[in-house]
Each structure stands twice: as structure tokens, then as C-alpha cells.
Amino acid sequence: MIKIICVGKVKEKYFTLAVKEYQKRLGKYTKLEIVELPDYNYDVIKTKLEEGKSILSKIKENDFVVILDILGKKLNSIELSDFINKNISKNIVFVIGGSNGLSEDVLNRANYSLSFSDLTFPHQLFRIILLEQIYRSFKIMNNESYHK
């Protein structure tokens, strides 16, 4: 199973449609759960703390937690596919934090830190990028045409 925990909601219809499309595609390969948490608007420290508490409340003790962090390890699509394949039995939880980043508690809970780029992406768009890469990973695992 794969769970994606996201701070913030997808608001634009075109992003919502893209998320639904990848949810449908991924249904062939795995159970997928997307958990949207509220984003807070306090000062940076309190915001990270409150968002961190919300994130941790959705993580189970035996989940394999992958935080998305610009400082994390970069993998190509084949390496990501291998990574997911190796860890899928552990219930992988991808965490997309809020615009202020992740709290120390969430960083400490992570089993793995993953970066997709040195670039900064809008959270709504990044959710779609993550879903697409997870879908691509399953296509690679199953030797199905899609990945180039």
C-alpha cells in the first residue's frame, strides 16, 4: 500500500482531475490513499510544529516513511521503481510538507529522505509529479510500456 500525506488541499480543477486520473491508473497496481491535512498560518515555528503533529497522527508505527525534501537523495525513475518495489510490503508513506518545511519530529520519524529536484515546486503540482512517478515505477516493475 502507498499513502501520500499532504499539507494543503488541491484547489484547481485541472490539478484535481490529474490527481483522480493517477489514482485510477494506480488502482491497477496498489492500494493508494491520499490524506490531505490543513495548512496552518501561524508563525513559521508554530506552523511547522502543528503541521508536524497532524502528519505524525496519520503515520502508523510500522509505516515506511519517505519525506520529500530538497536535501534528500535523488533517484532516477528506474531507481525509484526499485526502491518502491523493495519497500512496498512495508506500507510506504510519502510526506509532502507545507510551505515552511517539515518539523524536526517528522524529519526524525522518516525512514528515507527523497528529493525529486533542486527546484522548488508548488505543492499541488508536486503531488501530481509524485503520483506520476509512482505510476511510472509500477509500469517499470511490470515491464509495461510507458517508461522511456
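The values are calculated or read from the model by the stated rules, or taken from the named source; none is laboratory data. Everything numeric here is computed off the predicted structure, so don't read it as measured data. Ideal geometry is used to build each Cβ from the backbone, glycine not excepted, and the neighbour counts take in all protein chains shown. In case anyone asks, the SASA skips ligands and DNA or RNA and just uses the protein heavy atoms, side chains included. Shrake-Rupley method; radii C 1.70, N 1.55, O 1.52, S 1.80 Å.
Descriptive notes on the structure:
- Karplus-derived 3J(HN,Hα), 6.51/-1.76/1.60, for each residue of region 50-65, Hz, glycine and proline x: 5, 5, x, 4, 4, 4, 4, 5, 9, 9, 8, 4, 8, 5, 9, 9
- DSSP bridge pairs, the chain: antiparallel proportion in percent, nearest 5: 5
- Pairwise label distance in nanometres, Asp43 with Lys31, each label 7 Å out on the Cα-Cβ vector: 4.2
- For region 70-81, 3J(HN,Hα) per residue [Karplus equation, 6.51 cos²θ - 1.76 cosθ + 1.60, θ = phi - 60°, Hz, x = Gly/Pro]: 4, 8, x, 6, 9, 10, 7, 4, 5, 5, 5, 4
- Taking every alpha-carbon pair within region 37-118, the share separated by more than 19 Å comes to 39 percent.
- Structure-based [θ]222 nm, the chain - -39500 (n - 2.57) summed over DSSP H runs of at least 4, per residue, nearest 500: -13500 deg cm²/dmol
- Whole-percent carbon and sulfur share, accessible surface of the chain, 1.4 Å: 51
- Considering only Tyr14, Tyr135, Tyr112, the mean-square fluctuation computed in a Gaussian network model of the chain, springs between alpha carbons under 10 angstrom, is largest for Tyr14.
- Amide H contacts under 5 Å for Ile34: Ile4, restricted to partners 5 or more places along the chain or on a different chain, H placed in the peptide plane at 1.01 Å from N.
- Relative contact order for region 22-116, counting Cα pairs under 8 Å that sit 6 or more residues apart, in percent: 39
- Note on Ser115 and Lys74: the extension gain reaches 14.3 nm, defined as 0.36 nm multiplied by sequence separation minus the Cα-Cα distance.
- Mean-position separation - Cα centroids, region 38-67 and region 80-95, in angstrom: 20
- The computed semi-axes √(5λ) of the Cα gyration tensor in Å for the structure shown corresponds, within (1) 24, 17, 14; (2) 35, 27, 16; (3) 28, 15, 13, to (1).
- Label point distance in nm, Lys24-Ser89, each placed 7 Å from Cα along Cα→Cβ: 3.3
- Accessible surface computed residue by residue for region 40-135, with neighbouring protein chains in place and a 1.4 Å probe, gives 53 Å² per residue.
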